[in-house]
Every structure is written in structure tokens, then in C-alpha cells.
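Single-structure report; data block below.
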Amino acid sequence: MKSKLRTVAMLAVVLLALILLTAVGGNYYAHLLALVFTNVILAASLRLSLMCGQLNIGHSAFMSVGAYTSALLAKNLGVPFELALLSGAALAMIVGVAMGYPSLRLRGVYFAMVTVAFVEAIRLIVQIWVSLTRGMSGLSGIPKPSLLGMVLVTKPDQCYLALGLMVVTLLILYKLEYSRLGLIWKSIGMADNLALSLGVNVAAYKLLAFALGCFFAGVAGAFYAHFVRFLFPPTFDFLMATNILVYNYVGGRGHFWGPIVGAAFLSWLPEIFRGSEATRQYETIFFSITMLLTILFLPGGLITLPGKLTDLCRRRTEGVSSPSSAVVLPGQRVAVHGNPEG
Amino acid sequence: MTFALLIQSMVIGLSLGSTYILMALGLTLMFGMMHIINFAHGAVYMLGAFVIYYVFAQWGAAYWIAFFLAMLLLGAFGFVIERCIYRPIKGGVEPTLVALIALTTFLQAMGYPVFGTLDKHVPTVFHGMYSILGVGISAERLMIIPVAGVLVLGLYLFINKTKMGAAMRAIEQDKEAAALQGVNVHVVNALAFGVGFALAAASGALMAPIFKLDPMMGEQPLLKAFIIIILGGLGSIPGAILGGLILGQIDSIVATVMGLEPAFLLSFVFIILLLLFKPTGLFGHEV
Amino acid sequence: MIQRFITLLSLMLCAVVLIMASGVRQVSAADNVIKFGIATPLSGPAAAWGIPHKQATELVFDEINSQGGLEVAGKRYKVEVVAYDHKYVIAEGVATVNRLISKDDVKYLSILGGAVAKANEEAVNEAGVLALPLAYAEGLVSPKNPLIFHSFPAPPETTTFWKWVKEHHPEIKRLATISPNDDTGWWSIKVETQYTEKLGYETVAKEFFERGLTDFNPILLRMLARNPDIISVNAAPAGSVGLIIKQARELGFKGRFIHIGQVDTSVVAGIAGKQNVEGMWVHGYVETPLPESLKSWKERYTKKYGEWNATSIDFANPAFSFIAAVKKAQSLEPKKIAQALQTVEFDNLWGKAHYGGKDFYGINNQIIYAMPFSEVKDGVATMIVQLPPPHN
């Protein structure tokens, strides 16, 4: 129980820090942070599919559905923001189910390919349906977000909204992951044939994970639409989908916090390169090098960094590489590798 | 749409299809043998074309020498990537994916300062125009068919008739069993990378005089190659050929009738439908 | 437990490092520096426009600075460029402009890219900064954007060349257009077709292609079935134009090509083949005869950057406009500079220029000057006429 309290305390500190940052940073950092929070929602929601072992490169399609739906409802029909956002997310989920259901039989790279096809298909539909979405001209004039009728005019206000959405999303996703549902998903991800043989309705659970992922992608999309307030179909493309996937892998595939760390790190990285005069021109180059180095030295993701550091520390302090090769002197305590709590 | 136009459209479709098949070759090997989605395929294609630019167009060497040099250099690059990126990651599918994406981004971004910002061109190697069923097709486009044919044949013989190819097929079926049989997995992996990269470079080198050169030129070929590989089925060369021909026809006929956007939409809808009914593509098998 | 602690510690440490590295602390600007912001694609396919945009602006400002800087109300200022790469991605486009306005405290900027400029329209208006974009976008120049001054001739200006074509080549009657599938392309085609149809031309085909397409045969087949006399490749970049021309000739098209946007015909000729480009008409690109001012610019540009890029000629317009307007306004306030911009006359590399267009746009915020038009003869873009736009 004590460790749980400690965890909550640590999280509260982090949250407070984020709020302070928004308040202090001014418009620009509020803008950046809001986008970081959006990316965290995207990355964390994609994790649901990845837990089930589905290589999903289609997340941006559903972000697009959420974005355009919410934007059009608010702009053309005057629907209030909260409702528009929920409708966008709901439609994203429905489209997700419609596209996901028939795709359940697909495995591995074939499933990945079909998700890529989703992204392109949705992008092209949005582009062709000019009368609704204004196609390649771009959809502008999207109203700012509002809560209970109060418009969130300033960037910091909108950033707080993003923070709130992110916290709520993460809470829900955390609860899901550490519930029985999460356990089933993980078992499917590890050995779905085995799960099937044990009577688990693999298809239904996969679809649920996929659909929920799409819902939150829609949430992220809707926020994005009312925040950036300009929608351009090629924004939601294969590149963005792979980025969301990369957030998960660079952050760490094996842990709930993986996508969050990955999204935060990779969203913020271009800023660092933008900050220095010397690196500004070669932003993309430095970014890709950093990504490459990260994955080379931490293939399990950034989340494994603390583990590796503690291993390094332990090795230094004890000077032995494995218990079996240690010569135990009388009175010396032998270290047990693998902390049950870690 | 008149009948004459339809025929002409089909001829164009064949021309398109042959370019797609060429683009897909390097990807088939890596995809089929190592189950790696080589995201760097487009970047290597681009580098192959630029080797032609520098060695053939700028330096003045003979075209075929530049062509083989491109394959050699980028094959070697493939070995390097296997050793320095694939092996250290211990072959995890996803980290490799990310690494290849990072590599592609890096190579493409480097292209602008290194190669310059203006689009480049390479002089035509095979001159002449032929009229096929009323459509003007240039000699250099027709040349794709024999060259692609040679490469496909070479690939087929390599995979099915050589010891190395057998080793690759063994590893693809069961890595541990193959290793137990004495197959040096590392060497075979390196070879797969090398050959895969070399083939990507070859297609870039052949396409260079036909189209234009710029650092992002590999993007489209990458996408088309993926589509064909999936259409045709994992690791199947006949599947890739058929997939390429089908995609070429769709891209041509539908585009001529309805315009490009509907054509692309249709091709993606086609893929989705195909995969739903035949989950492993036309000739593929379960992974 | 210690692992958790280390996790949190490293997270916080990372966060602090990241934030410090990106410079949250406001670095106070030097007192005598004017910062001019540029949000442009410096990487990716549009870098061919973004890089000359940045470099041309820097060259102009360098020369001003070497002569002692800009004098405003008795004080001398250095003009500096703060440039960010938006890679032609909308989110980055919004972020970079945001950074320029909110963090770097920039009051004047130049954005490249129609979609990016549109995405930032409101931000620019709300912040009250002066914008000198290089962007074809419908509705960008309008009375609701008093601080946005478009610094490049747009289709409503350049279509005037068609009058010249009609007078000198009455045998051309059927027109087909092909352009990129985006707002820039759509607007360009819309304006051009309106103008040409008024002149009596028949539009027999209108095609749009996705950027990145390299094989145009399918849509060219469709287009050529309608027997056009001339193909307009408006708004298409040099690489695509080169491929379009090459493939159209292979399919048997014998007519002319025309590009009233602006394109580097040397690149086009390289890709398409010199003989295929013969007779092509283009706006804004001249290889010969080069006026003295241009020869000198070419020398200075190549000397500083090592590679010549003819796009830099027109992309220097924002810099020239800005300098001239600040000199006239003798103020650093965007509103005052904007007022000056609407009345000042200055020199750009093609001659005398000013901002006008009220008759067409409703506000004098479009750059107006006698635009050069060339015909490609033996692979070389040869200037044939300089024409002012139909509205002043």
C-alpha cells in the first residue's frame, strides 16, 4: 500500500510540474505541450492494439475521422465542443469497428498492410469529398474548444484541456491494462493460438482493443482539430501513423509507461534541435540520428533505461557478473538479482 | 471511353506494372526470407539512382559499369546495416522497423545538403521510341522488361538452386532447426540484406534515366512495392509479378477513366477486399 | 523500489535537460537587432523552394547590414533572419510560426506554402504581426487580412500573359491544364481558366495529380485524347513539369507548354530533354538576356551559397519589400510598416515594384511589378516580354 501511495504522490508531482510549465511557459510552450499531450493520447491508445500483438499502422486514419467529425459538427451545426468531441470519438470507434471486424483474421504484416490501406483510403475519401471537407483546400474556421459554454480562448487554457483529456485517457487505459481485460489482451499478444485453445474469444477481444484505441484516437483528433483549427487531409497520413508506432517502440513496448515516455521524448526532441542555431538547419538529420542511437542501445525502449542503469550500478558496486561465479567469503552477503518490486 | 483508348490504357498499364515489379524485387527477398519490412528500401533505391548520377552522368563511366557499381556499393551497404543495426538489435522485429525508419529519414534528409536541392536528371541510355498498339513507349521503358526479367530469374535461381538460397529458405522455415543443421545464420542474414539492397539499388539505377532524381524519390516506389508484395503474398516471386501487373492495370485504366484520386482509392479498396477474402495474398502462406 | 526511484529521477532529469536545452529561459534580444522570421520547408520535397527562400532573404539582409544596417528613427539596426523548418507539415507550420511569434518575439515574418499560410492566417491576425508570405492560397490577400502582403505574383497577376499569347499565337485555341492536387493547384487553375475562357479559349481537360507522382501516362492519355493545342502546367514544380513534358511527348503531343507560376526551365529541360521543351512559355524565369541587376545577384548568391538557384530571384521579394517599407515608415511597428507597404515604391530584381491590387482583392496587399515572361529557345529560357498585371 505504501508503494502505491508513493506512486500516486510521484504522479501528482509530475502533474503539478506540467501545470506549472504551462502557466509559466507562455503561449509557445502551451502550444507545444498541448501537442505533446495529444501525442501521448495517440501513443497510449495505440498500445491496446500492440498488446494484442496486432501491428497497427492505421491510427492516424481514426484521428482523422475524429478530427473532421468534431470540426464539421461544431463549425457547420454549432454543436457544443464537448458533444462534438464525443461524437468525433464515437464515430472514429464505429468506423474502427467497421474496418476492424473483417480484418480480424489477418495476421502480422498482412494486418499491418490493411491498416496502411485504411489510412490511405480514409485520406483519399476525405480529399475526394470536397463538398463536405473542403478537400485539399483545407478546413478552416473551426471554433475554439469550450467547456460548459465557456470558450477556452488562450493557448494555456486549451493546453489545460489537453492535459485533462490526457489524464483521463491515461487513467482509463491504466485501469484497462491492469484489469482482467488487460491480462487477456496480453495473453492474446503473447500466444493467441494458445488463448484460443483455452476458449478465449480472441477475435472479440482483439476487436475491443482496436475499437477502444480508435475511440481515443478520435478524442486526440477532435482536440487537435479545435486546437490547430486547420485540417488538411495529408496531415493524417502513413507518416503520422508510423510516428505513433515509433513512439511506442522507442518508449518501450513492454510497459504501460512506454508510449508515454516515447511520445513525450520524441515530440519534444525537434524542439531541442530547433532551439540551437547550429542544429536548426539539420533538425531532421539530428532527429533521425538520435532515434537510431536510441533504438540501437535500448532496443527495448527508453523505459528500459533505468533498469539498465541500475544493472550497471549493481555490477560496479559488486564487481561480479553473476552469482554463480562469485566466491563467497564468510560473512559476505550475496546479492540477489531481480528485485521483486522492480 | 473508346476501345482504342482502353487498349492504349492497358499498354500503359503493362509499362507501369513492369516498373512496379522492378521496384518490388529487393523487398520480396527481405520480406520473404527474413520477414523484415525493409522500410529503407526506398532510400536504397534512391541511393542506387544517385550512384548512376555521379558515376555515369557526372564522371562519364559506361552505364552498365555504373549499374553494377551501384549494386555492389549498396549490397555492401546492406552488409554494413546488417552488422551494425540488425544484429546488435538481436533481430527484434519492431526495433528493426524503427531503426530502418530512422535510417530512411536520415538518408533522405542528408540528400538535400549533399546532393543539392534541385531535381537532377541522367541522360537517356537506351534511345528510340516504339509504337505499341498506338501508344508511344520509349526504348528505355521497354528495357525494364528484359532487365527485370534477368533480375527475377537471377533471384529465383539464387533462392531455389543455390546452397545459400537453400540456407535462406531453411532459416525462413525454422531458424533454430536451420542453425542446428550447421547454417551460419549471421552470414545468411547478411547475404539477404546485401542482395535485397543490391536489388533495390538496381531498380533505382534503371529508373534513373527514365524519371528524375531527388532525395525523396524512393517514397512512391516503397509504397507501391509494399502493396505488390502484400497482394502477391509473402515471399512469392510469381505473386509479386502478378501483383505488379494487377496494380499497374488498376493505376492505369482507372486513372484514365476516373482520374488519379479515385484510382488510388480503388487500389486500396481492392487490397482491403483481397486481404479480407484471401488473408495471405494471392500466393502467400501463413507467417 | 530503488528502480522506481531511479526511474522517476531519470525522468525528471531528462525533463529538465530537455526543457533547458530547448531554451525556456527567455534570451533577451540585443537592443539593436531586428528579427525577421521565416517559416519555410528546409527539408523534404519542398526544400527546393524553402532553401532559396531563406538564403535569398539572408543575402539581402547581409548586404544591408554590411552597409551599416537599417536606420530607423535615428537608430541603426542589424536585420537578422530567424528561420525554422516546417517540412510542409501543417502541425509544424503552426508550431514554427507560433515559436516565432510567441517565443522569439518576432514581429515580421515570411511563410512559404499555401496550406501553411492559410493555417496560420488567424494566428498572424490575432498577434498583429506583419506577414509577407510566398503562398498561393485563395482568400489570403483580402481586407480581413490587413497585415498579410503576398510577395510573389499570383495567378490573378500572371494570367495577363495569356493576352499576349492570344495576340501573337491565334492558332492556339484548345487548352488543357494539369496541376498538383492541393489548394495552390486548384486556385491557380480556377483563376487561369476563368481568365482564358473570357479570352475565348476552350478548356478541354483539367487534371490534378498527387505530389510525388512520377508516372503521368494514365492521365496524359486521357488528356491527349481531347486534342489540346497547349498544356498549362501551372503550379507544378520543376521535376513534375519535366516528367509531364517528357511523357507527353512520348505519347505524341506536339503542342506547347506554358507555366505561369514560375519554374526553373533548366531543370525541366534536363529531365524532359532539350528538344522537348522547345517553345515552352514560363513566367518569372529568365536565363538570357540577364539584366545587370540579375547577373550581379546571381554572382553574389553563388558566391555565398555555392549553388545557384534561380528561384531565389523572386523569393527575395519579402526582404526587399520589408527593407523598403521600414525605411519609409521609419518605425518598427507592424501596423505602420504595413501602411508604408501599401504606398511605397521600391526596386526588386526585375525593376520597380509596389503593392496594389485593390480592384481585384479589395486591398492593396499584392505585390505588383512588370513580370518577365520567357520562351525556351534551344533549352535556354529567353525573355520575350515584361508585362504588368491587369490590375494595379
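The values are calculated or read from the model by the stated rules, or taken from the named source; none is laboratory data. Values in this document were obtained by computation on a predicted structure and should not be read as measured data. No Cβ is skipped: glycine too gets one built from the backbone with ideal geometry, and neighbour counts run over all protein chains shown.
At-a-glance table
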quantity	calculated
Residue list for segment C:355-379, filter: surrounded by 20 or more Cβ atoms within 10 Å (Cβ to Cβ), in a strand (DSSP E or B) and not polar (S, T, N, Q)	C:Y355, C:G356, C:I367, C:Y369, C:M371, C:P372, C:F373, C:V376
Which numbered condition B:S267 misses (of (1) within 16 Å of the chain's Cα centre (by Cα); (2) within 30 Å of C:V268 (Cβ to Cβ); (3) not charged (D, E, K, R))	(1)
Unique match (being away from chain C (no Cβ under 14 Å), modelled with pLDDT of 90 or more and surrounded by fewer than 21 Cβ atoms within 10 Å (Cβ to Cβ)) among B:L180, B:L276, B:L242	B:L242
Failed criterion for C:P170 (all others in (1) in a loop (DSSP other than H, G, I, E, B); (2) in contact (Cβ under 8 Å) with a residue 12 or more places away in the chain hold)	(2)
Residue within segment A:66-83 that is within 14 Å of the chain's Cα centre (by Cα), outside any helix (DSSP H, G or I) and touching a residue at least 40 places away in the same chain (Cβ under 8 Å) present	no
When residues of segment B:49-75 are limited to those that are in contact with a Gly (Cβ under 7 Å, 6 or more places away or on another chain) and under 15 Å from B:F193 (Cβ atoms), the one surrounded by the most Cβ atoms within 10 Å (Cβ to Cβ)	B:L74
Selection count where residues are touching an Asp or Glu at 6+ places or on another chain (Cβ under 9 Å) and within 22 Å of C:P291 (Cβ to Cβ), scope segment C:306-342	6
Conditions (1) within 11 Å of chain A (Cβ to nearest Cβ); (2) assigned to a loop (DSSP other than H, G, I, E, B): number failed by C:N98	(2)
Residue match in segment A:227-245 (condition: without any contact (Cβ under 8 Å) to a residue 40 or more places away in the chain, touching an Asp or Glu at 6+ places or on another chain (Cβ under 8 Å) and not aromatic (F, W, Y))	no
Qualifying residue in segment A:112-132 (condition: more than 13 Å from every other protein chain (Cβ to nearest Cβ) and out of contact with any His (no Cβ under 9 Å at 6 or more places or on another chain))	yes
Helices (runs of 4 or more DSSP H) fully within segment B:143-230 counting 3 or more residues that are under 18 Å from the mean Cα position of the chain (by Cα)	B:144-161, B:185-207
Residue check for A:L50: out of contact with any His (no Cβ under 7 Å at 6 or more places or on another chain), within 13 Å of another protein chain (Cβ to nearest Cβ), crowded, with 19+ Cβ neighbours inside 10 Å and part of a helix (DSSP H, G or I)	yes
The one condition in (1) among the polar types (S, T, N, Q); (2) in contact (Cβ under 8 Å) with a residue 60 or more places away in the chain; (3) assigned to a strand (DSSP E or B) that C:T177 fails to fulfil	(2)
Within segment B:75-127, considering residues that are closer than 30 Å to C:V241 by Cα and among the charged types (D, E, K, R), the one nearest to the other protein chains (Cβ to nearest Cβ)	B:D119
Failed criterion for B:P95 (all others in (1) in contact (Cβ under 8 Å) with a residue 24 or more places away in the chain; (2) out of contact with any strand residue (DSSP E or B) (no Cβ under 8 Å at 6 or more places or on another chain); (3) not polar (S, T, N, Q) hold)	(1)
Matching entry among C:V79, C:V106 (being in a loop (DSSP other than H, G, I, E, B), crowded, with 22+ Cβ neighbours inside 10 Å and more than 10 Å from every other protein chain (Cβ to nearest Cβ))	C:V106
Residue satisfying all of: in segment A:86-140; modelled with pLDDT of 95 or more and in contact with a Gly (Cβ under 6 Å, 6 or more places away or on another chain); surrounded by the fewest Cβ atoms within 10 Å (Cβ to Cβ) among these	A:A89
Odd one out for C:V277, checked against (1) on the phi > 0 side of the Ramachandran plot; (2) touching a Phe, Trp or Tyr at 6+ places or on another chain (Cβ under 8 Å)	(1)
Residue within segment B:255-269 that is more than 13 Å from chain C (Cβ to nearest Cβ) and not in a helix (DSSP H, G or I) present	no
All positions within segment B:13-60 that are of a type in the set (F, W, Y), out of contact with any strand residue (DSSP E or B) (no Cβ under 7 Å at 6 or more places or on another chain), away from chain C (no Cβ under 14 Å) and part of a helix (DSSP H, G or I)	B:F31, B:Y54, B:F56
